[in-house]
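A.B. asks: Shown below is the structure under consideration.
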Amino acid sequence: MTDRFVLPRGASRTAPAPAPSGAGVRAAAPLTAVLLLAAFLRLWQLTATGFNSDEAVYTGTAASLAGDDRLGSLFPVFRAHPVLFQSLVSLALRVHESDWAARAVPALLGVATVAVTYGLGRRLYGRRAALVAALLLAVMPYHVVVSRQVLLDAPMTLCATGALYCVVRYAESPSPRWLLAAGGMLGFTVLAKETSIVFLGSLYAFFALTPAVRTRWRHLLPALGVIGVVAVAHPLSQLLAGHARAGGNYLLWQMFRRANHPYFFYGDEVPWAVGPVVVVAAVAGLVWLRRENTWRERLLVCWVVVPALFFTVWPVKGFQYLLPVAPVFAVLAGRTLASFPRVVRLQRIAAAAAIWLVVVSLAVPCWIRIQPQTSTRFLAGTGGLPGGREAGLWVRGHAPEGSRLLAIGPSMANVVQYYGFCPVSALSVSPNPARRNPSYRAVANPDRALRDGDFQYLVWDAYTARRTPFFTAELRGLVGRYHGTVVFTARNGDGVKVVEVYRVRAS
């Protein structure tokens, strides 16, 4: 029972005495500076590159919710995911319809996550560790890069971190209101992205491994009920709209589709994005300060390990899927760095220098990664799709009304469709319903479709060409057979061709 009430040095269970107003301003100044830095990195050159495929889909859905008739027929509201985040983006688009307005929503939610991480760290390890944790998350490449995109993962991470904070409050003093609050936050986490239900597994593992933190059924059942009441809004809205099969079909496809990355994808990618020094500091603290480890560290470890194992086994792996573990690594690393003076007997100046070296090790690669992309090699979820916006805007301005386009794959098809206001199909979509995303429709016989004049333009892009040489060769064959003429070419900052649009003629 004792490990329940052990507080780390610097943490206090009692509320501090009211400080003079001047002292309060001075105390708030460091956190304010961290939040301003977080906002700068997330908003700097936010629209230098156009949307990627997922961004185009989510923003198109948001535009449909905002009443945009041009995109409503191309991006239906009910596809696969809940629409909590898309609804927030739709509010921004009602004020100002632009790429910047759409991306500013997750960027600001990312800044809010830095603030919540500070609150979590302060509750667990005190103000100094909390400030270091907030600073690490503010400049962490993983969190900065993902929160600059119109993706579901930034709002999911905010809600998940809020739920974790509520669980900490419940573990400190078992008041049912904190478990109910945790249930509500987890419900909103699921509404942000349904795969976040995995955090129920994290909490189950924590409570099962921590008998000192007792959960009473009269607290647990209402909290589970709150999760259900909040999360049921997604399937209920689909049912009432007559799209009940959409979510189920998408789930089945995700479960049985071929893996898009090897099992060790996250081990190869995420530590470098979080920051190797941060990962080392977080793990080293668990070892160096093991005599101080209590339920707090067990909770944080469960919060990381369960989703990491789940998505390692899950066939579909996206770079951004493990984003909710980033605040936990920041808090654990902040604990370690804040404990440097007493653990390794460093002077305060040396300890501060160590902290800033870690911050710089994150800030430099972060700054590099938020610059406009020039390479044609990148992972889905790491940024925009070069050339897609330019190609779509050319289509909008030059393609006759009623034109239809055929791209190699759905990634570029979604982007050109969003910016060009024209339907775009994809060659690589399988005609077998069990092997394709239910949101897409296959072109059963592309050669016949072009011969009949169903498509007037073909779209080649470097990103998809690198991934699917077979369908790239097929598109090149169609260009040759149907007298394709290059009408638009987009190049990246290095002058490398990234997108070409061909006008074709039916035989």
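No lab work stands behind these numbers, since they all come straight from the coordinates. Just so it is clear, the structure is predicted and the values come from calculations on it, not from any experiment. All Cβ positions, even for glycine, are placed from backbone atoms using ideal geometry, and neighbour counts span all protein chains on display.
A.B. asks: What does the net charge come to around C159 if you take all other residues with beta carbon closer than 14 Å to its beta carbon, with K and R at +1 and D and E at -1? Mind dumping the intermediate values first?
C.D. replies: Values: positive: K193; negative: D153, E194.
Local charge sum for C159: -1.
A.B. asks: Below 14 angstrom from the Cβ of P400, what's the summed charge of the other residues (Lys, Arg +1; Asp, Glu -1)?
C.D. replies: Details: positive: R396, R404, R503, R505; negative: E401.
Result for the local shell: +3.
A.B. asks: At q = 0.11 Å⁻¹, work out log10 I(q)/I(0) for region 385-507 with the Debye formula, treating every Cα as an identical point scatterer and leaving solvent out; two decimals please.
C.D. replies: With one equal scatterer per Cα and no solvent, log10 I(q)/I(0) is -0.32.
A.B. asks: Run through every distinct alpha carbon pair of region 164-219 and return the Kirkwood hydrodynamic radius in angstroms, one decimal place. Each step should come with its number before you reach the end.
C.D. replies: On the way: mean 1/r = 0.0860 Å⁻¹.
About 11.6 Å, per the Kirkwood formula over Cα pairs.
A.B. asks: Right, here's the next one. Please give the FRET efficiency for V360 paired with A48, using the beta carbon to beta carbon distance and R0 = 25 Å, rounded to the nearest 0.05.
C.D. replies: Details: r = 24 Å, r/R0 = 0.95.
Once rounded, the FRET efficiency stands at 0.60.
A.B. asks: Let me ask something else. Can you compute the label reach from L393? Point 7 Å from Cα along the Cβ direction, backbone N cut-off under 17 Å, restricted to region 96-114.
C.D. replies: Inside the label zone: 97-103.
A.B. asks: How do 266-277, 413-424, 463-474 rank on mean C-beta neighbours within 10 Å, highest first? Walk me through the numbers on the way to the answer.
C.D. replies: Numbers: 266-277: 18.1, 413-424: 24.8, 463-474: 16.5.
Going from most to least packed, we get 413-424, 266-277, 463-474.
A.B. asks: Amide H neighbours of V498 under 5 Å, at least 5 residues apart or on other chains, H built in the peptide plane: list them.
C.D. replies: The list, which skips near neighbours in sequence, is A490, R491, N492.
A.B. asks: Another one. Rank the residues D54, D454, D69, D461 as a footprinting-exposure proxy: fewest other Cβ atoms within 10 Å of their Cβ go first. Before the final figure, lay out each step's value.
C.D. replies: Working: D54 22, D454 15, D69 8, D461 29.
By the 10 Å Cβ count, ascending: D69, D454, D54, D461.
A.B. asks: Follow-up. What is the antiparallel percent of DSSP beta bridges lying wholly in region 388-503, to the nearest 5?
C.D. replies: Values: 11 of 17 bridges.
Of all bridge pairs located within region 388-503, approximately 65 percent are antiparallel.
A.B. asks: To the nearest 0.05, how large is the calculated FRET efficiency for R290 and D69 if R₀ is 56 Å and r is the Cβ-Cβ distance? Show your work: numbers first, answer last.
C.D. replies: Numbers: r = 61 Å, r/R0 = 1.09.
The computed FRET efficiency comes out at 0.40.
A.B. asks: May I ask you to evaluate 6.51 cos²θ - 1.76 cosθ + 1.60, the Karplus curve with θ = phi - 60°, for each residue of region 186-197 and list the ³J(HN,Hα) values in order in whole Hz, giving x for glycine and proline?
C.D. replies: Those phi angles translate into 5, x, 5, 4, 5, 5, 6, 7, 5, 5, 5, 4 Hz.
A.B. asks: While we're looking at this one, here's another question. Between P431, Y457, V443, whose Cα lies farthest towards the positive end of the dipole of region 388-503 when Lys and Arg beta carbons carry +1 and Asp and Glu beta carbons carry -1, centred on the Cα centre?
C.D. replies: The Cα lying farthest towards the positive end belongs to P431.
A.B. asks: Can you find, among S147, G183, S173, the residue sitting farthest towards the positive end of the charge dipole of region 97-216, where Lys and Arg contribute +1 and Asp and Glu -1 at Cβ?
C.D. replies: Of the candidates, S173 comes out farthest on the positive side.
A.B. asks: Still on this structure, I have one more. Along region 393-404, what does the Karplus equation 6.51 cos²θ - 1.76 cosθ + 1.60 (θ = phi - 60°) give for ³J(HN,Hα), rounded to whole Hz, x for Gly and Pro?
C.D. replies: Values per residue, Gly and Pro as x: 5, 5, 4, 4, x, 10, 6, x, 4, x, 5, 10 Hz.
A.B. asks: Please list, in order along region 288-300, the HN-Hα scalar couplings obtained from phi with the Karplus expression 6.51 cos²θ - 1.76 cosθ + 1.60 (θ = phi - 60°), rounded to whole Hz, x for Gly and Pro.
C.D. replies: So the Karplus estimates, Gly and Pro as x, are 5, 9, 4, 5, 9, 5, 9, 4, 4, 5, 4, 5, 5 Hz.
A.B. asks: Still on this structure: Using a 10 Å cut-off around each Cβ, can you sort I197, I368 from fewest to most neighbouring Cβ atoms?
C.D. replies: The order, fewest Cβ neighbours first, is I368, I197.
A.B. asks: In debye, nearest 20: dipole of region 388-503 around its Cα centre with unit charges on the Cβ of K, R (+) and D, E (-)? Mind showing how you got there, number by number?
C.D. replies: On the way: 15 positive and 9 negative charges, 44 e Å.
In debye, rounded to 20, region 388-503 gives about 200.
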